[in-house]
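Taking it in order: structure first as structure tokens, then the write-up.
Throughout, read-outs are computed from the coordinates displayed, never taken from laboratory work. Quick caveat, the model's predicted, so the values are computed rather than measured. Note: ideal-geometry Cβ built from the backbone for every residue, glycine included; neighbour counts use all protein chains shown.
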Amino acid sequence: MNNPAHHASTYRAFTVTGRRQFALVERERHEPAPGQVRIRVEACGICHTDALAVEGLRPDPSAPIAPGHEIIGVIEAVGAGADPTWRPGDRVGVGVGFLGGQDNTCEPCRRGDFVNCSDQPQTGTAVDGGYAEVTYARATGLVRIPPGLDPLAGAPLLCAGLTMYNALISASARPGSLVAVQGLGGLATSASSTPARPATGSSPSPGAPPRPRSPQNSAPTTTSTARRPTPAPPCDEVFPLSEAPKAYERVINGDARFRIVLAGFVHQEIGTREGKPCPATAR
Ligand SMILES: [Zn+2]
Ligand SMILES: [Zn+2]
């Protein structure tokens, strides 16, 4: 794909200050800090929790920040000291369940309780997220995205999907189990699109019992024996990144039927795709 934006020295990002004060800004594309990677954003789901950043519910709402924590993209550069397992060209998810990567040094981390790391940035609230063409993230916060998973379909799984999936695991739900999912729109949509049977090596969940991670690759991967994630249902809406403020409004006003995903510039040509009712709910 010969998009000149891939090689530009700057990138565009939507930042927000105060309350819903979006600004489209141009930023320098710098080398990732030690332990971090630079990611070309392909897709970013809009989560209701983005309201923390957009509605000024942060300690300092005057500091500009790019919202978004359901990010799928491709690594452009790997910073010094980052896990060398990650390489440019790898497709990754970041912001998983709002978590921006553990420090691996604090007491909870030493116990393997990475979710409760005392020094873990919140993607899209404390550090810049995915309402941008490029974002930076700690390598410890990455998950590997299987090649067959469409970034636009997969992005909402990184928060909404994960939240619901963890509940199914905790409830020991089995294929065929009757479950009720409490949550408007996104969670229920994710529930309907996620395999009932846990895939081998599938993603971790916030609040799930901590599992030691392989030092070689802190990110869970889907193995060849794993069941491939089911694509998101066609009721997800897709907006180009350039319409991020409008897409956010649609979510926060309750007009989005289910999830809205922002498409990075690699998908700009698709334009806006209005949502349509899921087959399951149209009956
Ligand atoms: Zn979220
Ligand atoms: Zn820690």
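Quick look at the values:
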{"read-out": "Boolean, GLU76 is within 15 Å of ligand 2 (Cβ to nearest atom) and over 22 Å from ALA63 (Cβ atoms)", "value": "no"}
{"read-out": "Residue match in the stretch 122-131 (condition: more than 16 Å from ligand 1 (Cβ to nearest atom) and either closer than 19 Å to CYS44 by Cα or in contact with a helix residue (DSSP H, G or I) (Cβ under 8 Å, 6 or more places away or on another chain) (or both))", "value": "no"}
{"read-out": "Search result, residues across the stretch 143-159 that are in a helix (DSSP H, G or I) and over 16 Å from ILE75 (Cα atoms)", "value": "LEU152, ALA153, GLY154, PRO156, LEU157, LEU158"}
{"read-out": "Checklist (1) within 14 Å of ligand 1 (Cβ to nearest atom); (2) at negative phi; (3) part of a loop (DSSP other than H, G, I, E, B) applied to ASP50, failing item", "value": "(3)"}
{"read-out": "Single residue of the stretch 25-40 satisfying the filter (in contact with a helix residue (DSSP H, G or I) (Cβ under 8 Å, 6 or more places away or on another chain) and in a strand (DSSP E or B)) that is farthest from ligand 2 (Cβ to nearest atom)", "value": "ARG40"}
{"read-out": "Qualifying residue in the stretch 169-180 (condition: free of Cβ contacts under 8 Å to residues at least 24 places away in the same chain, in a loop (DSSP other than H, G, I, E, B) and closer than 22 Å to HIS48 by Cβ)", "value": "yes"}
{"read-out": "Pairs where the first residue, in the stretch 37-51, is farther than 22 Å from ASP150 by Cβ and the second is away from ligand 2 (no atom under 16 Å from the Cβ), C-beta under 6 Å, 6+ apart", "value": "ARG38/PRO32; ARG38/GLU76; ARG38/ALA77; ARG38/TYR136"}
{"read-out": "Some residue of the stretch 21-35 being crowded, with 18+ Cβ neighbours inside 10 Å and either basic (Lys, Arg) or more than 24 Å from LYS246 (Cα to Cα) (or both)", "value": "yes"}
{"read-out": "Single residue of the stretch 79-111 satisfying the filter (part of a strand (DSSP E or B) and away from ligand 1 (no atom under 16 Å from the Cβ)) that is surrounded by the fewest Cβ atoms within 10 Å (Cβ to Cβ)", "value": "ARG91"}
